[in-house]
Amino acid sequence: MKKIMFLSVFALFPAVLNAQTTALSQLSGIQAAPGISQAVIPGVPAATPDKGTLMLLDPRTGVVQVVIPVGGGFIYASTGQFVPAVYNGHGYILSTGQYLPVVGGSRAAAGIAGKWLGWGEWTYQGSGTHCDMSMEFEEGADYLFRKGGYFDCSVVGLEVEPARFVKKGTQLLTEDGQAAGSYENNVIILNEAYSDTVGITTTIKVDGLHFDYSEIWHQKDGSELYNIQGRLFTGGR
């Protein structure tokens, strides 16, 4: 399930509030407004396609950061900050002379287990608001556990509540045996109900140190209510 919370900043955006109130009135039995996430990466230099994402160690602090290699340096996945640097095949040399080695390698085989941080956009009828996104998962050979998450979208917040799914081949089932989606080739698809008239389809495509996230809220007649797209990066295990 998902819970939407209106934040106090809503008072500063009456136009947004009116639009969201109209949208939410279309949902039956709502106590809190539903949220959706569509994550997009802020405008930054294009990533180097053959490197994907890397994990860099700061020897001074012992902290490991996920970065996106780009021409002339890299981008911190957690903040979107661009850092000019030179890559020597094993790490980056900063303009200050500091050296940050690459550690950990790819975690593509590790699945979705762990903590993830990223950005998204909540879109309604062509208008959207930026979201900071966090999610956490645990998985085993026979289960997938969504431990929770939160999307901070400035004017509203969306709480992603815990849910446990049973793996049966490529199928995902609820704990009472009902079909919930699929998990195959690092792609997770979940179909959940918000109410009798509103459903939520979530698609997660895991690619090493990041995953692309899509969450679409749709009404019983098939029309789209909300659209959330995003990208999250591994933040630890």
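Values in this text are rule-based calculations from the coordinates and carry no lab data. Just so you know, these numbers come straight off a predicted model, no measurement behind them. All Cβ positions, even for glycine, are placed from backbone atoms using ideal geometry, and neighbour counts span all protein chains on display.
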Problem set entry | At R0 = 41 Å, FRET efficiency that the Cβ-Cβ distance of Tyr76 and Lys220 yields, to 0.05 | 0.45
Problem set entry | Additional length obtainable on full extension of the chain from Thr96 to His130, 0.36 nm per residue less Cα span | 8.9 nm
Seminar exercise, completed: Cα-based Rg/(2.2 N^0.38 Å) for the stretch 106-217, rounded to two decimals, is 1.07
For this session: Go through the stretch 124-181 and name the trypsin sites (Lys or Arg not before Pro) that are in a DSSP coil and have 11 or fewer other Cβ atoms within 10 Å of their Cβ.
Result: none
Problem set entry | Stretch gain in nm, segment Val86-Ala163, where the contour uses 0.36 nm per residue and the Cα spacing is subtracted | 23.4 nm
Exercise. Going highest first, how would you order 63-75, 190-202 by mean Cβ packing within 10 Å?
Worked result: 63-75, 190-202
Exercise. Taking a spot 7 Å from the Cα of Ile189 along the direction of its beta carbon, which residues of the stretch 113-152 have an amide N less than 19 Å from it?
Worked result: 144
Problem set entry | Reduced Cα scattering model of the stretch 54-101, Debye log10 I(q)/I(0), q = 0.14, 0.22, 0.25 Å⁻¹ | -0.27, -0.71, -0.94
Seminar exercise, completed: Total charge of the residues flanking Cys153 in space, meaning their Cβ is under 11 Å from its Cβ, with Lys and Arg +1 and Asp and Glu -1, is -3
